[in-house]
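Bear in mind these aren't lab numbers, they're just calculated from the coordinates by the rules spelled out. Since this is a predicted model, take the numbers as computed values, not measurements. Here the Cβ is made from the backbone with ideal geometry for all residues, glycine too, and neighbour counts use every protein chain on show.
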Amino acid sequence: MTVFHFFNCAILTFGPHAVYYSATPLSEYDTLGTSIKAAVVYLATALVKLICLATFLKVSESDSFDPYQEFLKALIGFIDVAGLYFALTQLTHRNISQNHKFQAVGLGWAFADSVLHRLAPLWVGARGLEFTWEYILQGLEANANLVLSISLAGLGSLMWLRKNKPKTLIPIIYLCAGIVATMPSITSYLRRGLGWHLPKVVGFELFTSLVMAFISWQLFAACQRPSA
Amino acid sequence: MATVSKKPRNREILFDSVIALVFILVACVDLCDGATVVDVYRLIQYDISGVPFGSRLASINHHAASLHFAPSADLSRTVLLIPLRELNMSFVQEYIGGSKPLGGLIFLLPQIFSFKNKGGASSNHDDGSKEPLKNVLDKLEQILIHTNLPYPVYFAFEDDNIDTVLLDIKKNDASGQPATATTGGYKFVVSATEPKKVGSPPITNIQGWLPGLKTDGDSHQLPTIAIVASYDTFGAAPALSVGSDSNGSGIVALLEVARLFSLLYSNPKTRGQYNLLFGLTSGGPYNYNGTRKWLQSFDQRLRESIDYAICLDSIGSWENDLWIHVSKPPENAFIKQILEDFSSVAEDLGFQVNLKHKKINISNPRVAWEHEQFSRLRVTAATLSELSTAPELLQSTGGLVDGRQFVNEAAIVRSVKLIAESLAKHIYGHQGKNVQIFADNSNLAVNPSYIRSWLDVLSRTPRVAPFLSKDDPFITALKKELEDHTDEVNLQREVLDGMFTFYDSTTAQLNIYQVASVTFDLLLLLVLGSYLIVLFSFLVITTRGLDDLISLFRRPPSRKMKTA
């Protein structure tokens, strides 16, 4: 049953990505190439972030919340946004509608993130005899991350790819994008500074990801109306 | 056509081999460390003339239960975790005596029985509970070493981790569900190699020789007095058998007597006209096998020159009475002399020494006291002990209950005084006179801190002979100590022969895993499957419309009609 547990957690962590790809029209338009390119860009971004973290951050002994360190980490987190910008605008995609482009990029981004951050702990930990809830919670976190990545990609495409936007909505778009981009810092603050336990943090992530997805969806629909 | 079909086939083969590789990799489940790891000590496994005794298996991989298991439960694949405080003899007799099938047994002993526990008194247990626990453990030990148990049996000490695990297990058992593969619970894993026979169990006898004063023109060999103690132990858990009283007290007394006489003999004016032979023998629990080998290695003249030998056995926890056990009849001149010397000194010191005579039966291989080995080779000998009756085979050999806290240093100090003064009386011929050579506050006084430090060291060293290699640092330490006090030290290395065969694997680590049941995993799979299906349907409906979802499940009927 330990391999069984690993299998279950793997399905929870990586299943939604596959389901998303096959359920939406992404599979019809064969946007797999776009997703793979986005995944590669994520890898490069992660490497750059690692180098910056290693250079600028001090190793702290205690597990407390240090505002200065967290601020630095948030700044470095914006490299993520830069990577996403690169993936959305600079890579040459085939003729895919903007609607599908951001979804494919977001999907590739989230998949690479899950594989990089969650596959190794899952492989090493979930196959042992000892049972913990940790890997199931990690899978739920991966789901929340998927939704967040897609919303961030959508907001990003709104910001950089769409030329004519209603003036009133622009600040809201930037605000939402800002919130989604700083989600990692917010969760680490909750975990360390307020001392929330993992289930609570994961619940919070799921809730906010759904809320942000809904808001981005509305914004996207609102921006689509003038052109349609 | 051929090329088109080749490409998909190659792709398929590649795909299949990748999947096969993934399955093989995934199936290599390596057991990472459990949440709790505890040191456990195995019950001894040995044969007497081919008859097996003790625990015959070492590795455990079963679910755990406590004493509150359901009466009808099948325990053949369950490990029982039993704290000593809750053990009652009826359970022991029913399950161990009645040879019921069990997956394994783990006894949890209170910390006071651990020699690793620094400080004698443990804080939250009163002394009143020690005595009954000691008796229960003693009885349990005797039953365990004389029974053949075809499952692993281990001893562990109570600590916070395993106490919480035990509480959890009790809760689970109380709810009526035994822990099996389908109901979750705790799994105990001890990964130990299969126990192998110890090839040639080594016995090492250490002897120290302190020669007496030979006056010029004296052509006769000086008479010799021998003081002997056996230093090895035997118990239910060989890794825990420190034998503080049996025979740590004897060893310590021998070393202190050697120290005192070496002080006396260092000055030629006070050197007696007797040689002193100190012997630390091994193989004690096994009918004093080592002593016999040691005596057989003597040459004839030495053996004939021994006036008498005093063997020391358990002199650490007596109050008012000591016993001298002999096998030669009390009318024998030497025996009379010994008894007179010892009783007069004892009277001065305020206690009593009694004589006990037990005839030896040459045809019976059982040797109950060490002096019997001397007597079988016609050397006068006696054993000084606090025990009034001869112990049975493998009884009082320094097992689990024989710990430091049950030994009284003052008793050892008094015993040393008794032995030293009595020997001095004989050596210097002060019979009948009231002389105290080793008086307190003199430079020949018995040193209690020497006794205490050696007793502490011995109480932390398990000394079961088959597991003490011939180069063990403990044996080297004893040799060095005797070298300090005597002129000539010899080691005799032999192999334990006869009826005993031992098996190794005495300590291990117990990994405790909290496992989820198979039903939990199946349930989780069901939940995840339905979640993914719901997600799929949701996404299809929102992006492509409900019709597309329905069309996925309906085969296109129109095409068939067209071709037909």
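Once the C-beta distance of A:Lys167 and B:Ile13 is scaled by a Förster radius of 51 Å, the resulting FRET efficiency is 0.30 to the nearest 0.05.
Were the residues from A:Thr89 through A:Thr182 laid out at 0.36 nm apart, the gain over their Cα-Cα distance would be 31.3 nm. Which pairs break 20 Å Cα to Cα here: B:Lys130/B:Lys417; B:Lys293/B:Lys479; B:Lys197/B:Lys470; B:Lys214/B:Lys336; B:Lys328/B:Lys479? Long pairs (Cα-Cα over 20 Å): B:Lys130/B:Lys417; B:Lys214/B:Lys336; B:Lys328/B:Lys479.
Looking at the range B:202-495, what % of its DSSP beta bridges pair antiparallel, to the nearest 5?
Values: 17 of 42 bridges.
If I count the DSSP bridges inside the range B:202-495, around 40 percent turn out antiparallel.
Charged side chains reduced to their Cβ positions (Lys and Arg at +1, Asp and Glu at -1) give the protein assembly as shown a dipole of some 4220 debye around its Cα centre. Size descriptor for chain A, Kirkwood hydrodynamic radius: 18.6 Å (Cα pairs only, one decimal).
A simple spin-label model places pseudo-atoms 7 Å from Cα toward Cβ; at B:Asp299 and A:Leu190 they are separated by 9.0 nm. Just to be sure I understand the curve: with the Debye formula and one point per C-alpha of the range B:202-495, what is log10 I(q)/I(0) at q = 0.06, 0.08, 0.16 Å⁻¹? One equal scatterer on each Cα of the range B:202-495 leads to -0.16, -0.30, -1.37. B:Met89 to B:Leu393: extension gain in nm, 0.36 nm per residue of separation minus the Cα-Cα distance? Once the chain is fully extended between B:Met89 and B:Leu393, it gains 107.2 nm. Across peptide B:415-421, the mean count of Cβ atoms from other chains lying within 10 Å of each residue's own Cβ comes to 0.
Counting beta carbons within 10 Å around each of A:Glu130, B:Glu256 and listing the fewest first gives the order A:Glu130, B:Glu256.
Mind giving me the FRET efficiency for A:Phe56 and B:Leu526? R0 is 41 Å, r the Cβ-Cβ distance, nearest 0.05 is fine. Efficiency, rounded to the nearest 0.05: 0.30. Rounded to the nearest 20 debye, the dipole size of chain B about its Cα centre is 2560 debye, using +1 on the Cβ of Lys and Arg and -1 on the Cβ of Asp and Glu. Shape summary of the range A:5-57, radius of gyration then Dmax from alpha carbon positions: 15.6, 45 Å. Give the calculated FRET efficiency between B:Asn332 and B:Gln221 to the nearest 0.05, with a Förster radius of 30 Å applied to their Cβ-Cβ distance. For B:Asn332 and B:Gln221, the calculated efficiency is 0.85.
Only lysine pairs 8 or more places apart, or on different chains, with alpha-carbon atoms under 22 angstrom apart are counted in chain A, and they number 7.
Working note: Karplus 6.51/-1.76/1.60 with θ = phi - 60° gives the range B:280-295 the couplings 10, 9, 10, x, x, x, 9, 6, 6, 4, x, 4, 4, 5, 5, 5 Hz, where Gly and Pro are set to x. Secondary structure note: in the protein assembly as shown, about 50% of the DSSP beta bridges are antiparallel. Take every pair of alpha-carbon atoms less than 8 Å apart whose residues are at least six positions apart; their mean separation over the length of chain B yields a relative contact order of 23 percent. Dividing the C-alpha radius of gyration of chain B by 2.2 N^0.38 Å, with N its residue count, gives 1.39. Annotation for the range B:223-310: trypsin sites (Lys or Arg not before Pro) lying in DSSP loop with at most 12 further Cβ atoms inside 10 Å of their Cβ are B:Lys269. Taking every DSSP beta bridge with both residues inside chain B, roughly what % is antiparallel (nearest 5)? The answer is about 50 percent antiparallel. Only aspartates and glutamates eight or more places from B:Lys269 in sequence, or on another chain, were considered; those with a Cα closer than 19 Å are B:Asp216, B:Asp218, B:Glu421, B:Asp487.
Compared with the rule-of-thumb size 2.2 N^0.38 Å for a compact globular protein, the protein assembly as shown has a Cα radius of gyration ratio of 1.45.
About its Cα centre, the range B:202-495 has a charge dipole of approximately 500 debye under the convention of +1 per Lys or Arg Cβ and -1 per Asp or Glu Cβ, with nothing else charged. Listed by chain and number, the aspartates and glutamates whose C-alpha is less than 15 Å from the C-alpha of B:Lys359, apart from same-chain residues fewer than 8 away, are B:Glu331, B:Glu370, B:Glu372. The sum of -39500 (n - 2.57) across all DSSP H runs of n ≥ 4, divided by the residue count of chain B, sets its helix-only mean residue ellipticity at 222 nm to -11000 deg cm²/dmol. Applying 0.36 nm per residue to the separation of A:Val48 and A:Val211 and subtracting their alpha-carbon distance, the gain on full extension is 55.7 nm.
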